[in-house]
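**Student:** Have a look at this one.
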Number of protein chains: 6
Amino acid sequence: MFDLMRTAVIRKEHFNAAHRLYNPAWSDQENDRVFGKCNNPNYHGHNYELLVKLTGKTDPETGYVFDMKRLSDIIKDEVIEPFDHRNLNEDVPEFQSLNPTAENIAMIIWRKLRDRIDPDYDLKITLYETERNIVEYPAE
Amino acid sequence: MFDLMRTAVIRKEHFNAAHRLYNPAWSDQENDRVFGKCNNPNYHGHNYELLVKLTGKTDPETGYVFDMKRLSDIIKDEVIEPFDHRNLNEDVPEFQSLNPTAENIAMIIWRKLRDRIDPDYDLKITLYETERNIVEYPAE
Amino acid sequence: MFDLMRTAVIRKEHFNAAHRLYNPAWSDQENDRVFGKCNNPNYHGHNYELLVKLTGKTDPETGYVFDMKRLSDIIKDEVIEPFDHRNLNEDVPEFQSLNPTAENIAMIIWRKLRDRIDPDYDLKITLYETERNIVEYPAE
Amino acid sequence: MFDLMRTAVIRKEHFNAAHRLYNPAWSDQENDRVFGKCNNPNYHGHNYELLVKLTGKTDPETGYVFDMKRLSDIIKDEVIEPFDHRNLNEDVPEFQSLNPTAENIAMIIWRKLRDRIDPDYDLKITLYETERNIVEYPAE
Amino acid sequence: MFDLMRTAVIRKEHFNAAHRLYNPAWSDQENDRVFGKCNNPNYHGHNYELLVKLTGKTDPETGYVFDMKRLSDIIKDEVIEPFDHRNLNEDVPEFQSLNPTAENIAMIIWRKLRDRIDPDYDLKITLYETERNIVEYPAE
Amino acid sequence: MFDLMRTAVIRKEHFNAAHRLYNPAWSDQENDRVFGKCNNPNYHGHNYELLVKLTGKTDPETGYVFDMKRLSDIIKDEVIEPFDHRNLNEDVPEFQSLNPTAENIAMIIWRKLRDRIDPDYDLKITLYETERNIVEYPAE
């Protein structure tokens, strides 16, 4: 019966990016009130730490839930290559009309990876914007 | 359908405090047997690392689940101000008659924050007493 | 009603070990294709970080879910003593016929500890093979 | 004789900023060749971790080399306030004509703090641009 | 000529303790002004992280500068056993008349270890009172 | 005058390897007495964290002491490629007749990199065998 339990594997990657938080439907004053210094029009930036968690069954032939080298390659393809050393607002199409908060970045990463990972696996994203501000999507 | 999934945000804070573990209903020998060196009557102390996790919906206007600056302010108000650089047993009313184990500290923090956070949000506390002893309340 | 919620305690320990990934039913080429440099016949090794999580009720007499000193002793007995500074493939009976992937190591640790921990407690293992490759068993 | 030995105190702070590396005297091609993706004209960003080390004598009255609260306030004044959540190239006067490499950021921080710290103290800056790229100024 | 260069080995240990900063020669007001919340008469506490660095020659027979197991045992003897889970002001003789600032704790640890380590080795102490307040003795 | 001060840049890389400590000139008993469980003939292993520090002058044209991408490439060439996922005793020529202690591994890495780095730069290696056992070569 033990063998029926599912196992999760987690891969950690990182990227560095600039961003700015603001809502174009609001006045400057309202943006300043809600987003404070995160609303700097010249941008600021972060070292984002990304954890991607896949939950599934361990393959008895390999002892793997998922090949971590392949998972790392998919993350590099879908996230690191398009996001790393970029301005999320200016350079990343998904944030042209979506505020690049940590919550929204995690959700976009989830959608991009969901398309590449077999639906038999559960997928969960944890994103560290700083050591003290962390987001999980979806929440457990 | 993706948009219906809930998101969690986590804020990390810390405080330094002294404490002593003991049960006043027991003999000194029984306290020593159960709590060992944690029962030193002159106290010892820790750098506590605190993670506060709120689970809710991302507001489409802000891209936030909860304003992390406001969450940090609430934690400072309810936990850091009354606990930091204090003796938990002597200076904190909640532990006058409750043993300040990591389990009980996490539970008290949860109760104090639960009163300040809208019930639409799930609330979970993770408390690191040391890098090697960690408590979660409530458990998932 | 708050008191009915369960609490989790987590103890962190570590061990250093050598291992090699391969499937004896496969050709060398197939092993190389699937396991890459992890298939080095002379072994490689890791500093494994182990988190053991027990979920249960806080005892009102002690304020403990489980005595962390006792949990640490059980982990030392069942995991650190037999695994630390060993070759998992050569020195550890459980991996004589089981590939010592992080998934399988976590599962074996779970089984060994499950026999020593009262079934009233839920048990979960998190194993860091490196800072970037992490496994959870069972998955939540 | 032991008492004559000097002691160092180190304070850790952090700031988040956007930057771009380029040399205006060079062609775009030359900037791309030397700075690669760090030359993105739309900027990228980092969570900078800053260590400020002062070496001096321990005051026998206080047991302090330097009041760490006062050191933290000076760093906040000179570094965190003007650099945090800013675009170093656009918002910080010192980098109007100086490339904001980690080396130059550390040097500028040193100069700003050197003016505020009594010359009896040696001053050294360590700056983490990422966990893997670190600069010390001056080198020991 | 390469072989003539000296090598350093560093051992990391930790202890948890309570302390209070104050100068008995001063008024309460003066103690509050200088030490702030660190002057709480009921004590507060820390998880101290201790790095002990020995610099010497690598022994060609063993490849060791110093047996790290023996270094760990000496540190446990001289520092962990007398300091861990103690009140530094109340329980540790060296701080009966010496303010237990991080600077003074590092200096006392240095003196205690200096007596146990062959003078051919240079000895240096690094003490983390928190992740953000660090002391080195002697300074390089 | 400030401009004359030298600056250090540090690059962090890691590798995973198996090793065994023993001296072939000694009896098994003597090897066991000196190296304890590190003498396991079937090997054990570690996640080694490597810091490579170069000290030199900041180039006013680039703002760099040394191109960190080029430093990373040299480290990959000389250390990661030949050491990662290897058995140091069996697979790495330098340790055929040299005990792969952390001290000796750091010294070998220093020699390999010294040949590749312009002598105008000072070179220093810091190697973490575990989080608690660290070596520096040469010592400052």
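The values are calculated or read from the model by the stated rules, or taken from the named source; none is laboratory data. Please read these numbers as outputs of a predicted model, since none were measured by experiment. All Cβ positions, glycine included, derive from the backbone under ideal geometry; neighbour counts span all protein chains shown. Protein only, heavy atoms only, side chains kept; ligands, DNA and RNA dropped before computing areas. Shrake-Rupley method; radii C 1.70, N 1.55, O 1.52, S 1.80 Å.
**Student:** Restricting to segment E:93-108, name every residue that is buried (at least 19 other Cβ atoms within 10 Å of the Cβ) and part of a loop (DSSP other than H, G, I, E, B).
**Tutor:** Matches in segment E:93-108: E:N99, E:P100, E:T101.
**Student:** Within segment E:53-65, can you find the residues that are more than 8 Å from chain F (Cβ to nearest Cβ) and surrounded by fewer than 18 Cβ atoms within 10 Å (Cβ to Cβ)?
**Tutor:** Within segment E:53-65, E:K57, E:D59, E:P60 meet the criteria.
**Student:** Looking at (1) within 14 Å of chain A (Cβ to nearest Cβ); (2) of a type in the set (A, V, I, L, M); (3) open to solvent by 10 Å² or more (accessible area, probe 1.4 Å), which one does D:L50 not meet, given that it meets all the others?
**Tutor:** (3)
**Student:** Does B:D122 satisfy the condition of being at the interface with another protein chain (Cβ under 8 Å from one of its Cβ atoms) and either at positive phi or charged (D, E, K, R) (or both)?
**Tutor:** For B:D122, the condition - at the interface with another protein chain (Cβ under 8 Å from one of its Cβ atoms) and either at positive phi or charged (D, E, K, R) (or both) - is met.
**Student:** I would also like to ask the following. For segment C:105-121, enumerate the residues that are among the charged types (D, E, K, R) and within 15 Å of the chain's Cα centre (by Cα).
**Tutor:** Listed by number, the residues that qualify are C:R111, C:K112, C:R114, C:D115, C:R116.
**Student:** Please go through segment D:4-15 and pick out each residue that is without any contact (Cβ under 8 Å) to a residue 12 or more places away in the chain and open to solvent by 60 Å² or more (accessible area, probe 1.4 Å).
**Tutor:** Hit for segment D:4-15 is D:L4, nothing else.
**Student:** Kindly indicate whether any position in segment B:125-136 is assigned to a loop (DSSP other than H, G, I, E, B) and either basic (K, R) or closer than 27 Å to A:N23 by Cβ (or both).
**Tutor:** There is at least one residue in segment B:125-136 that is assigned to a loop (DSSP other than H, G, I, E, B) and either basic (K, R) or closer than 27 Å to A:N23 by Cβ (or both).
**Student:** Just to check your reading of the model, which residue among D:N31, D:N40, D:N23 is touching a strand residue (DSSP E or B) at 6+ places or on another chain (Cβ under 8 Å) and within 19 Å of D:E90 (Cβ to Cβ)?
**Tutor:** D:N40
**Student:** Mind counting the residues in segment F:67-92 that are more than 13 Å from C:Y43 (Cβ to Cβ) and either assigned to a helix (DSSP H, G or I) or hydroxyl-bearing (S, T, Y) (or both)?
**Tutor:** 16
**Student:** Any idea how many residues of segment B:109-132 are buried (at least 19 other Cβ atoms within 10 Å of the Cβ) and over 26 Å from B:R6 (Cα atoms)?
**Tutor:** So the count comes out to 1.
**Student:** Among the numbered conditions (1) surrounded by fewer than 18 Cβ atoms within 10 Å (Cβ to Cβ); (2) in contact (Cβ under 8 Å) with a residue 60 or more places away in the chain; (3) within 14 Å of chain E (Cβ to nearest Cβ); (4) not small (G, A, S), tell me where B:P82 comes up short.
**Tutor:** For B:P82, the exception is condition (2).
**Student:** Can B:I74 be described as buried (at least 20 other Cβ atoms within 10 Å of the Cβ) and not hydroxyl-bearing (S, T, Y)?
**Tutor:** No, not satisfied.
**Student:** Could you give me the residue pairs with C-beta distances under 7 Å whose first residue belongs to segment D:90-107 and is farther than 18 Å from F:V65 by Cα, whose second residue is modelled with pLDDT of 95 or more wherever it lies, and which are 6+ apart or on separate chains?
**Tutor:** D:E90/A:N42; D:D91/A:N42; D:V92/D:P82; D:V92/D:F83; D:V92/D:R86; D:E94/D:I108
**Student:** Which number in (1) within 14 Å of chain D (Cβ to nearest Cβ); (2) closer than 27 Å to D:D32 by Cβ; (3) out of contact with any Lys or Arg (no Cβ under 7 Å at 6 or more places or on another chain) marks the one condition that F:I117 misses?
**Tutor:** Here F:I117 meets the rest and fails (1).
**Student:** Name every residue in segment B:16-33 that is open to solvent by less than 50 Å² (accessible area, probe 1.4 Å) and under 23 Å from the mean Cα position of the chain (by Cα), in order of residue number.
**Tutor:** Listed by number, the residues that qualify are B:N16, B:A17, B:A18, B:H19, B:R20, B:L21, B:N23.
**Student:** Which of the residues spanning segment C:108-125 are of a type outside the set (D, E, K, R) and closer than 17 Å to C:V92 by Cβ?
**Tutor:** Within segment C:108-125, C:I108, C:I109, C:W110, C:L113, C:I125 qualify.
**Student:** Still on this structure, I have one more. Does segment F:86-101 contain any residue that is under 22 Å from D:V135 (Cα atoms) and aliphatic (A, V, I, L, M)?
**Tutor:** No: segment F:86-101 contains no residue that is under 22 Å from D:V135 (Cα atoms) and aliphatic (A, V, I, L, M).
**Student:** Another question, if that's okay. Exactly one condition in (1) within 13 Å of chain E (Cβ to nearest Cβ); (2) open to solvent by 20 Å² or more (accessible area, probe 1.4 Å) is not met by B:M68; state its number.
**Tutor:** Just one mismatch for B:M68, condition (1).
**Student:** Now, a different point. I'd like the full set of residues that are assigned to a strand (DSSP E or B) and more than 30 Å from D:N87 (Cβ to Cβ), limited to segment A:41-66.
**Tutor:** A:K53, A:L54, A:T55, A:G56
**Student:** Continuing with the same structure: Name every residue in segment A:16-40 that is more than 9 Å from chain D (Cβ to nearest Cβ) and either in contact (Cβ under 8 Å) with a residue 24 or more places away in the chain or not in a helix (DSSP H, G or I) (or both), in order of residue number.
**Tutor:** A:L21, A:Y22, A:N23, A:P24, A:A25, A:W26, A:S27, listed by residue number.
**Student:** Could you pull out the residue among E:N133, E:N104, E:N89, E:N99 that is among the polar types (S, T, N, Q) and more than 10 Å from chain D (Cβ to nearest Cβ)?
**Tutor:** E:N89
**Student:** Being more than 9 Å from every other protein chain (Cβ to nearest Cβ) and assigned to a loop (DSSP other than H, G, I, E, B) is the filter here, so list the residues in segment E:1-15 that pass it.
**Tutor:** Across segment E:1-15, the qualifying residue is only E:M1.
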